[in-house]
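Written out below as structure tokens is the structure these notes cover.
The values are calculated or read from the model by the stated rules, or taken from the named source; none is laboratory data. The structure presented is a predicted model; accordingly, all values stated were derived computationally and were not measured. Don't worry about glycine lacking a Cβ; one is built from the backbone with ideal geometry, like all the others, and counts go over all protein chains shown.
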């Protein structure tokens, strides 16, 4: 199999194969690929209607408390936090920027890079500046942060936060309540000050 990919500097974070290949090099990347046996056939084909999949948000107390976005849409928020190990990769950083470009956050919003490489890449691509212009407080040093109440962005007593991290058990991020959502929902909610999706934002 011949795999072509963009050279470093033009690869896209939303094209994970190209992104990975550009960093590993063609030989190392090819060695990781797995192929089916010649003449093999699938045992079963499943047809899935992905149009029925709903956006979920985890309510405070446990990441397993997933409910449809519609059930919590409009819930007032005090702050937003995203990034770190769970959603601080380049793909997620670009997702925040896609929503926040040309907009301004209404509530204190913190985004923490997952690694120095992601931070440097975001700056090189101009994504870092897009987020700063939107009013986001960028935490440039990667590491654990509000996810374990070890930095800005965690809800304190009486506060409600929305986050793209992976845990929201009582006391995990602080004494307040934390909802968990995907990067698009977190970014849109930061603009409006309440839980919502990108579809709720005014067109511009």
If you go through the stretch 102-124 one residue at a time, how many are at pLDDT 95 or above, more than 20 Å from residue 186 (Cα to Cα) and buried (at least 17 other Cβ atoms within 10 Å of the Cβ)? 0
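Has the stretch 72-86 got any residue that is crowded, with 21+ Cβ neighbours inside 10 Å and farther than 17 Å from residue 194 by Cβ?
Yes; the residues of the stretch 72-86 include at least one that is crowded, with 21+ Cβ neighbours inside 10 Å and farther than 17 Å from residue 194 by Cβ.
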